[in-house]
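**Q** Quick one: the structure is below, and I'll ask about it shortly.
The values are calculated or read from the model by the stated rules, or taken from the named source; none is laboratory data. Remember, predicted model here, so these are calculated numbers, not experimental data. FYI the Cβ positions are ideal-geometry reconstructions off the backbone, even for glycines, and counts take in every protein chain you see. Just so you know, the surface numbers come from the protein's heavy atoms only, side chains and all, with ligands and any DNA or RNA stripped out. Shrake-Rupley method; radii C 1.70, N 1.55, O 1.52, S 1.80 Å.
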Amino acid sequence: MKKKQIYYVLLLIGSSVFCQKDYNKLSFEFASGLSKPLSNISNRVDETFISAPNWNLGLRYMFTINFGIKGSFNYDSFEEKGIGSRHNRFNLDAYYNIGNWFDLNYVSNSSVALYSHLGAGATYINSKVKGLTVGYIPGWERQINFNIGVSPRFRMNDIMSLYTDINYIMAMKQHYNYSGEPILNVGNSGTSGSHFTFTIGLSFSIGDYDDHADFY
């Protein structure tokens, strides 16, 4: 009797392991939207320097149906009245499927997912102000950034899903406004600034299975 019980337990464990591999874990993602500075916008108070469009490219890998990571490249071009700055941001984010807390995948019949994400990276800033030279690389300033966001996803078919992303980014060691002008009286260590992004994009599942971890 004990041998049979052990056999059934091993069979159950083997079946569980097999099922856990029965979905795609990798996805390529592309999105576009807008970015709005929240602080250190400009030395002038009447300008917004919204970047539209913002561009985002990324690869996301899900270790399980709950946890994953995403590497991404983000581009912003802030400009008003002939001045501004270009931001090239590289990030690595940890993703967590908070939709599974509410059985969202089950309720939506495997068609809706909701992620939170938290990450950090580096941003290289190029000023559009003529004659201004900044940073370690000629014309560029390097910043450290931290971000937190939330990303709902909507399944379109076995390969493709539509997603939106709301993301808050905090920049460290900032010496230049989003307008590309130097921030006054910040010293060598710089200061912190922030902006948020709202994007809409497409996620493409990569692999041999019909399902992706998002909707498994």
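**Q** Less than 9 Å Cβ to Cβ from ASP76, Lys/Arg counted +1 and Asp/Glu -1: what total charge do the surrounding residues give?
**A** +2
**Q** Okay, next question. Please build a GNM for the chain, connecting alpha carbons under 10 Å apart, and tell me which residue among ARG155, ARG89, ARG44 fluctuates the most.
**A** Result: ARG44 has the largest fluctuation of those listed.
**Q** Another one. What is the dipole size for the stretch 60-216, taken about its Cα centre, with +1 at each Lys and Arg Cβ and -1 at each Asp and Glu Cβ, in debye to the nearest 20?
**A** 640
**Q** At 1.4 Å probe size, with the rest of the protein present, what percent of the exposed accessible area of the chain is carbon and sulfur atoms?
**A** C and S atoms contribute 65 percent here.
**Q** Among ASN54, VAL129, LEU114, whose Cα lies farthest out toward the positive end of the dipole of the stretch 30-148, if unit charges sit on the beta carbon of Lys, Arg (+1) and Asp, Glu (-1)?
**A** VAL129
**Q** Something else about it: Rounded to whole Hz and in sequence order, give me ³J(HN,Hα) for the stretch 72-87 from the Karplus expression 6.51 cos²θ - 1.76 cosθ + 1.60, θ = phi - 60°, writing x for Gly and Pro.
**A** Values per residue, Gly and Pro as x: 9, 10, 10, 10, 10, 10, 8, 7, 8, 6, x, 10, x, 7, 10, 10 Hz.
**Q** Can you tell me the 0 to 90 degree angle between the C-alpha axis of helix 2-20 and the longest principal axis of the chain, rounded to 10?
**A** 30
**Q** List, in order, the whole-Hz ³J(HN,Hα) value for each residue of the stretch 47-60 obtained from phi through the Karplus relation with A = 6.51, B = -1.76, C = 1.60 and θ = phi - 60°; use x for Gly and Pro.
**A** So the Karplus estimates, Gly and Pro as x, are 10, 10, 6, 6, 9, 8, x, 8, 10, 9, 10, x, 10, 10 Hz.
**Q** Using a cut-off of 13 Å between beta-carbons, work out the net charge of the residues near PHE198 (Lys and Arg +1, Asp and Glu -1, PHE198 not included).
**A** So the surrounding residues net to -1.
**Q** Over the stretch 67-191, give the accessible area per residue in Å² for a 1.4 Å probe, as an integer.
**A** Dividing the accessible area of the stretch 67-191 by its residue count gives 51 Å².
**Q** Also: Among PHE196, PHE102, what's the order by accessible area (1.4 angstrom probe), most exposed first?
**A** PHE102, PHE196
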